[in-house]
Number of protein chains: 2
Amino acid sequence: MLDLRRLVLLRELAARGTLAAVAEALSYSPSAVSQQLSLLEKEAGVPLLRRSGRGVRLTPQAEVLVAAAGELLDTLERAEAELAASATEVRGRVRVAVFQSAALALMPAALREMGRRHPQVRVEMVQREPESALHETWAREFDLVVAEHYPAHAAPWLMGLDRRDLTTDAIRLALPPRDEAPTAVEDLDGARALPWVMEPRGTASRHFAEQTCRAAGFEPEVRYETADLQAQIRLVESGNAVALLPDLVWTGRPTTARLVDLPAHPRRTVFTAQRVAGLRSPAVSAFRDTLETVAAAV
Amino acid sequence: MLDLRRLVLLRELAARGTLAAVAEALSYSPSAVSQQLSLLEKEAGVPLLRRSGRGVRLTPQAEVLVAAAGELLDTLERAEAELAASATEVRGRVRVAVFQSAALALMPAALREMGRRHPQVRVEMVQREPESALHETWAREFDLVVAEHYPAHAAPWLMGLDRRDLTTDAIRLALPPRDEAPTAVEDLDGARALPWVMEPRGTASRHFAEQTCRAAGFEPEVRYETADLQAQIRLVESGNAVALLPDLVWTGRPTTARLVDLPAHPRRTVFTAQRVAGLRSPAVSAFRDTLETVAAAV
DNA sequence: CGGAATCATCAGAAGAACTGACGACTACTG
DNA sequence: CAGTAGTCGTCAGTTCTTCTGATGATTCCG
C-alpha cells in the first residue's frame, strides 16, 4: 500500500518543482526527501521522477499519484472537520493569513472577541500579500485567508476555495494636509503632476491605481513603491506623495491627510476564503463568523 | 494530520470487534494495536474507544473515522490500479481465493496459461469456502475470488464487489456404481431411503441439497457431512452414500459413479468477483480473463 | 470464587527515517 | 570556456518511532 506521507511529498514536489524546495517547505533535509521519493518509486513499481537538467520532472504516472494525494488529503481534512464538528465544545487551531490593513483594522478586535467566545481555539495569524496567501491556503499552509478584491481585477484563482465576502470599503484619493501641500490640489486631476506612492508592480492594488490614473488621462509618476500601507500614509501625511487608499487603513488612527472621493466611487471588497474540504471545521467557521461580526461593526 | 495506518487499524477494529482480533488479522502484537490506537485518539483529540466489559466499543466519532478510512483505502486502491494500468507491461501480484472444486478443475490450467501470457504476474492462491472468501475479498485480503452460486439461494452480500459469471455446471445426482449398489436406484425418488453425504450446515450447497430432497417429498438422512467434495465422491463410489454434485467435480478424473439428471435440471453458477475500486488493475483483469478462457474450454 | 479473555502500561529491542557530508552533474556568468 | 552556484543521488551514522514481550487490572463465565 502506498504511503500517504510519501504521496504528500510527491504532491509538494509537483507544486514546487525541486526537491530542495520541498525539503525547505516541509522542513526536511533534501536528502530525506530524495530517499523517501525513491522509496515511493519502489512501492509504486513505476518510474515517477526523471532527471531533467539539474532538477527533476514528474512522469505522467506521478501525476496520477499527485491527483490521488490531493483526494486523500481532502478526505482526511473532511473527516477531521466532521470529527471536530461532533465535539460539543469548539476547540482547535486556526491558521489565518491576513493582508496588512485587515491585520491592523480587523484582527485585534476579532482576536479579542474570539477569545471571549471560544477560549479553546488558538488562532495563529501570519501577514501575507493576498495573492500568495490564497495560494498558500490552497496548499494547506493556512486554514483561512483574509484577502481583498479590487474592482476590474479578476479574482485570483479560487479553485477549491470557498469565498465569502466580509465587507467593502471605499477607495479614495489621499492628499497631504493643506499646511504641507505646496499647491492647492483638490481632486484626482489636480494630482496628475504630483509624485505618487503605490504598491509594488504585480499587485492588484497597483494595477487598480495605475488604471484609475490613466482613465483620468495621465500616467502617474510613481516615485515611491511600498507594500506597507502605513508607510504610504506617512508619505502622504508628510506631503511627499499622494496615494489611492481604501478606507480600512484609517480605522483606529486619527489622520491629517485629506480624503477625496473618486468620480467612480470605487470600492474594494474584503473577503475570507477557506478550502472546501475544511468547511465543516467548527473552529475555522467560528473564527470566520467572528470576523464577519467585527467587520460589520467597523 | 491523522495517520492512515492508524485509521486502518481502527477500521479493522470496527470490523472485528476486539483489539486481539485486529492484531491477529494484521499480524501485530495486541500491545502494538493498543498503543497505535491510543496515539490515534490523541491525534484526533476526541475519545474513540470506550471500554465496555472486557472489550472496547467505538464511539460515534470513531465511526466517522472508520468511514473515512474506507474512502481513503478506496482512493488509494483506485490510484494504484490506474498506475498499474499506465504501465505497458502487465505485472504485479494477484491474491485469489478459490473454492475447492474450482481449485482442482480450473486453477491448474489457468495458472499455466497465465504464466504463458503474463510471466510478470505472480498469482497467489488460497482455498476458501465461497462465503468467507467473498467476505475476505471485500476486506481486501484477496484481490479476486472464485465463488459459486446455487439456484434459489440469494447471492451472498456483494456490496462493493464486481461480479462476473465464469461458467455454469449441471448439478446431478451421483449414485454408486451398479456393482456396489445393493438396491437398484435410478433416480432421486429412489434415493430417498439411502444415506446421504452433504456439505456442512450453513453452506449454500447444503441448503440446495436439502431443498431439492424436500421438493421430491422426503427428508434426506444425512449420515455423512464434509465440505470436501472429493471425499464425497469417494463415499459415493464406494457405495456408502449418494450425493448431489456439480459436474465440475468430475473434470480431470475418471469416475465409476453413475450420474443422473435431476428433474429440474438445476445448474450451479461459478463466478469471479473483485472490489470495484480495483477494477482497473490490469494484473487482476488479466487473470480474470485467463480464468474465463479456461472455463470456456472446460 | 478460580480461570480465561481482554485491554493498558512499561521497558527494552528492532526498525524506519532523518541528517550531514560527499560526489556527480548541469546551468548560469563573466 | 573555466569558475561558481544550484540540484540531486548515495552513504554512514544518529535519532526517533514503532513493535514486542512481560506484567497488572478488569470483566465475564462457569
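The values are calculated or read from the model by the stated rules, or taken from the named source; none is laboratory data. Just so you know, these numbers come straight off a predicted model, no measurement behind them. Cβ: placed from backbone, ideal geometry, glycine included. Neighbour counts: every protein chain shown. All accessible areas refer to the heavy atoms of the entire protein, side chains included, with ligands and DNA or RNA removed. Shrake-Rupley method; radii C 1.70, N 1.55, O 1.52, S 1.80 Å.
Which one of A:Arg6, A:Arg78 is assigned to a helix (DSSP H, G or I) and closer than 25 Å to A:Ser281 by Cβ?
On the way: A:Arg6 fails: closer than 25 Å to A:Ser281 by Cβ.
Testing whether each residue is assigned to a helix (DSSP H, G or I) and closer than 25 Å to A:Ser281 by Cβ leaves just A:Arg78.
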task = Filter region A:35-50 down to the residues that are more than 14 Å from A:Arg5 (Cβ to Cβ) and touching a strand residue (DSSP E or B) at 6+ places or on another chain (Cβ under 8 Å), then identify the one that is farthest from DNA strand D (Cβ to nearest atom).
result = A:Gly45
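Quick one: which residue in A:Ala14, A:Ala32, A:Ala102 is more than 13 Å from every other protein chain (Cβ to nearest Cβ) and either within 13 Å of DNA strand C (Cβ to nearest atom) or modelled with pLDDT of 95 or more (or both)? Steps first, please.
Values: A:Ala14 fails: either within 13 Å of DNA strand C (Cβ to nearest atom) or modelled with pLDDT of 95 or more (or both); A:Ala102 fails: either within 13 Å of DNA strand C (Cβ to nearest atom) or modelled with pLDDT of 95 or more (or both).
Only one candidate passes the filter, namely A:Ala32.
Would a scan of region B:52-68 turn up a residue that is of a type in the set (A, V, I, L, M, F, W, C) and either outside the structural domain of B:Leu10 (by TED's automatic domain parsing) or over 23 Å from A:Leu4 (Cβ atoms) (or both)?
Yes.
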task = Could you tell me whether any residue of region B:234-250 is more than 27 Å from B:Ala295 (Cβ to Cβ), among the aromatic types (Phe, Trp, Tyr) and without any contact (Cβ under 8 Å) to a residue 60 or more places away in the chain?
result = no
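Just name the residue that is farthest from the other protein chains (Cβ to nearest Cβ) out of those in region B:42-51 that are open to solvent by 50 Å² or more (accessible area, probe 1.4 Å) and outside any strand (DSSP E or B).
Let us first name the residues in region B:42-51 that are open to solvent by 50 Å² or more (accessible area, probe 1.4 Å), namely B:42-43, B:45, B:47, B:50-51.
Subsequent filtering for residues that are outside any strand (DSSP E or B) retains B:42-43, B:45, B:47.
Values: B:Lys42: 13, B:Glu43: 9, B:Gly45: 7, B:Pro47: 10 Å.
Within region B:42-51, the match that is farthest from the other protein chains (Cβ to nearest Cβ) is B:Lys42.
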request  = Determine whether region B:106-129 contains at least one residue that is within 21 Å of B:Glu225 (Cα to Cα), more than 14 Å from every other protein chain (Cβ to nearest Cβ) and open to solvent by less than 40 Å² (accessible area, probe 1.4 Å).
outcome  = no
ask   = When you go through A:Ala23, A:Ala62 one by one, which is the residue that is at pLDDT 90 or above and within 11 Å of DNA strand C (Cβ to nearest atom)?
value = A:Ala23
message = Could you check region B:76-87 and list, in sequence order, the residues that are of a type in the set (Gly, Ala, Ser), in contact (Cβ under 8 Å) with a residue 12 or more places away in the chain and facing chain A (nearest Cβ under 8 Å)?
response = B:Ala84, B:Ala87
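Wholly within region A:90-200, which helices (runs of 4 or more DSSP H) include no fewer than the required count, namely at least 1 residues that are closer than 28 Å to A:Arg78 by Cβ and free of Cβ contacts under 8 Å to residues at least 60 places away in the same chain?
Working: elements: A:100-105, A:107-117, A:130-138.
In region A:90-200, A:107-117, A:130-138 are the helices (runs of 4 or more DSSP H) which contain 1 or more residues that are closer than 28 Å to A:Arg78 by Cβ and free of Cβ contacts under 8 Å to residues at least 60 places away in the same chain.
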ask   = If B:Ala81 satisfies every condition in (1) under 25 Å from the mean Cα position of the chain (by Cα); (2) more than 28 Å from B:Val146 (Cβ to Cβ); (3) open to solvent by less than 40 Å² (accessible area, probe 1.4 Å) but one, which is the exception?
value = (2)
message = Regarding region B:96-113, can at least one residue be identified that is more than 24 Å from A:Arg6 (Cα to Cα), within 14 Å of DNA strand D (Cβ to nearest atom) and in contact with a Lys or Arg (Cβ under 6 Å, 6 or more places away or on another chain)?
response = no
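Limited to region B:35-54, what total is found for residues that are near DNA strand C (Cβ under 7 Å from one of its atoms) and farther than 30 Å from A:Gly92 by Cα? Reasoning before the result, please.
Residues of region B:35-54 near DNA strand C (Cβ under 7 Å from one of its atoms): B:35, B:37-38, B:49, B:51, B:54.
Filter once more, so that each one left must be farther than 30 Å from A:Gly92 by Cα: B:54.
Final tally of qualifying residues: 1.
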message = Every residue in region B:178-198 that is closer than 19 Å to B:Thr255 by Cβ, among the hydrophobic types (A, V, I, L, M, F, W, C) and modelled with pLDDT under 90, please.
response = B:Ala181, B:Val185
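Among the residues of region B:187-205, is any among the acidic types (Asp, Glu), under 30 Å from the mean Cα position of the chain (by Cα) and either open to solvent by 10 Å² or more (accessible area, probe 1.4 Å) or under 25 Å from B:Glu131 (Cα atoms) (or both)? Full working, then the answer.
Looking only at region B:187-205, we keep the residues that are among the acidic types (Asp, Glu), and these are B:187, B:189, B:199.
With the extra rule that they be under 30 Å from the mean Cα position of the chain (by Cα), the set shrinks to B:199.
Okay, now just the ones that are also either open to solvent by 10 Å² or more (accessible area, probe 1.4 Å) or under 25 Å from B:Glu131 (Cα atoms) (or both), so B:199.
Yes, region B:187-205 contains at least one residue that is among the acidic types (Asp, Glu), under 30 Å from the mean Cα position of the chain (by Cα) and either open to solvent by 10 Å² or more (accessible area, probe 1.4 Å) or under 25 Å from B:Glu131 (Cα atoms) (or both).
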request  = Identify all residues within region B:55-66 that are touching a helix residue (DSSP H, G or I) at 6+ places or on another chain (Cβ under 8 Å) and either within 7 Å of chain A (Cβ to nearest Cβ) or open to solvent by 50 Å² or more (accessible area, probe 1.4 Å) (or both); write none if there are none.
outcome  = B:Pro60, B:Gln61, B:Glu63, B:Val64, B:Leu65
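Residues are listed down the side, and each one gets a yes or a no for (1) more than 7 Å from chain B (Cβ to nearest Cβ); (2) surrounded by fewer than 17 Cβ atoms within 10 Å (Cβ to Cβ); (3) farther than 27 Å from A:Met107 by Cα:
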{"residue": "A:Gly53", "(1), (2), (3)": "yes, yes, yes"}
{"residue": "A:Ala68", "(1), (2), (3)": "no, no, yes"}
{"residue": "A:Asp74", "(1), (2), (3)": "yes, no, yes"}
{"residue": "A:Glu89", "(1), (2), (3)": "yes, yes, no"}
Residue satisfying all of: in region A:21-34; open to solvent by 50 Å² or more (accessible area, probe 1.4 Å), without any contact (Cβ under 8 Å) to a residue 12 or more places away in the chain and part of a helix (DSSP H, G or I); farthest from DNA strand D (Cβ to nearest atom) among these = A:Glu24
note = Within region B:258-278, of all residues that are part of a loop (DSSP other than H, G, I, E, B) and aliphatic (A, V, I, L, M), the one most open to solvent (accessible area, probe 1.4 Å) is B:Ala264
